[in-house]
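The values are calculated or read from the model by the stated rules, or taken from the named source; none is laboratory data. Values in this document were obtained by computation on a predicted structure and should not be read as measured data. Cβ sites come from the backbone with ideal geometry, for glycine too, and all protein chains shown count toward neighbours.
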């Protein structure tokens, strides 16, 4: 079964300094039909204006992945981490029993466009943790590169959940197939461009849920970047 979720169906919030699309219920956006998908709880497509950002705030018992599409995102937390991530970087923060952090676009011009992803962990109350990896465009060109996994294989960041997150870049004529073993489901989010997935056309911001499908095939149609979640 394939269920499509179009970009325009997402929740949207405009705070002036922040413009955010919510794939699942978040903050003031509530839709009981879209509370998450398996352990995948949040995909927020955020655009932060120059000189703005999220002040210090707390999280707990959540795996938080930041994936920058444009600009730069400065991170600082109370467990000693401070860095700036840019396109190609993947940041993982395990909130565990509690962490405080901030996220800012310190640039004088140019927005920060990024995906904030929350995955519910399969263990609670752990020590908070932080990790970054960089993935060159060539590693994602015409294929699905593993960027997050429960065991950190293939240079991916490590998350506390039996979930595998892949990223891919696809031009017209490029394709990739991802098998789905019995009992697994998948969620594909198109970050930009356009693709067809199992024959279904998807544009930037669109997504598709896959349940009881043996595999999914991605065919690029126009300079696309996709994120694929292989989930329990």
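State which residue pairs qualify: first residue without any contact (Cβ under 8 Å) to a residue 12 or more places away in the chain and inside region 1-28, second residue surrounded by fewer than 15 Cβ atoms within 10 Å (Cβ to Cβ) in any location, beta carbons under 9 Å apart, and separation of 6 or more residues or different chains.
9/31
Give the number of residues within region 24-39 that are crowded, with 20+ Cβ neighbours inside 10 Å and in contact with a helix residue (DSSP H, G or I) (Cβ under 9 Å, 6 or more places away or on another chain).
Within region 24-39, residues that are crowded, with 20+ Cβ neighbours inside 10 Å and in contact with a helix residue (DSSP H, G or I) (Cβ under 9 Å, 6 or more places away or on another chain) number 0.
Does region 82-91 include one or more residues that are touching a residue at least 12 places away in the same chain (Cβ under 8 Å), more than 19 Å from residue 167 (Cα to Cα) and touching a strand residue (DSSP E or B) at 6+ places or on another chain (Cβ under 7 Å)? It would help to see each step written out before you state the result.
Of all residues in region 82-91, those touching a residue at least 12 places away in the same chain (Cβ under 8 Å) come to 83-91.
Retained after the next criterion (residues that are more than 19 Å from residue 167 (Cα to Cα)): 83-84.
Next cut, touching a strand residue (DSSP E or B) at 6+ places or on another chain (Cβ under 7 Å) only: 83-84.
Within region 82-91 (the criterion being touching a residue at least 12 places away in the same chain (Cβ under 8 Å), more than 19 Å from residue 167 (Cα to Cα) and touching a strand residue (DSSP E or B) at 6+ places or on another chain (Cβ under 7 Å)), the answer is yes, since at least one residue qualifies.
If a residue must be part of a loop (DSSP other than H, G, I, E, B) and within 14 Å of the chain's Cα centre (by Cα), how many such residues does region 1-44 contain? So that I can check it myself, show each step before the final result.
Going residue by residue through region 1-44, those that are part of a loop (DSSP other than H, G, I, E, B) are 1, 6, 10, 15-17, 23-25, 27-28, 30-36, 38-39.
Narrowing the set further to residues that are within 14 Å of the chain's Cα centre (by Cα) leaves 23-24, 36, 39.
Counting residues in region 1-44 that are part of a loop (DSSP other than H, G, I, E, B) and within 14 Å of the chain's Cα centre (by Cα) gives 4.
Which count do you get for residues in region 1-19 that are within 15 Å of residue 34 (Cβ to Cβ) and surrounded by fewer than 11 Cβ atoms within 10 Å (Cβ to Cβ)?
Residues flagged as within 15 Å of residue 34 (Cβ to Cβ) and surrounded by fewer than 11 Cβ atoms within 10 Å (Cβ to Cβ) within region 1-19 amount to 1.
Output the number of residues of region 10-33 satisfying the condition of being closer than 15 Å to residue 188 by Cβ and out of contact with any strand residue (DSSP E or B) (no Cβ under 7 Å at 6 or more places or on another chain).
Here is the first cut: in region 10-33, the ones closer than 15 Å to residue 188 by Cβ are 10, 23-24.
Next, only the ones that are out of contact with any strand residue (DSSP E or B) (no Cβ under 7 Å at 6 or more places or on another chain) stay: none.
Qualifying residue count for the region: 0.
Would you mind stating whether residue 42 is buried (at least 18 other Cβ atoms within 10 Å of the Cβ), at pLDDT 95 or above and closer than 23 Å to residue 126 by Cα? I'd like the intermediate steps shown before the answer.
Values: buried (at least 18 other Cβ atoms within 10 Å of the Cβ): yes; at pLDDT 95 or above: yes; closer than 23 Å to residue 126 by Cα: yes.
So residue 42 passes the test.
Check off (1) part of a strand (DSSP E or B); (2) surrounded by 15 or more Cβ atoms within 10 Å (Cβ to Cβ) for residue 107 and give me the number that stays unchecked.
With (1) part of a strand (DSSP E or B); (2) surrounded by 15 or more Cβ atoms within 10 Å (Cβ to Cβ) applied to residue 107, the lone miss is (1).
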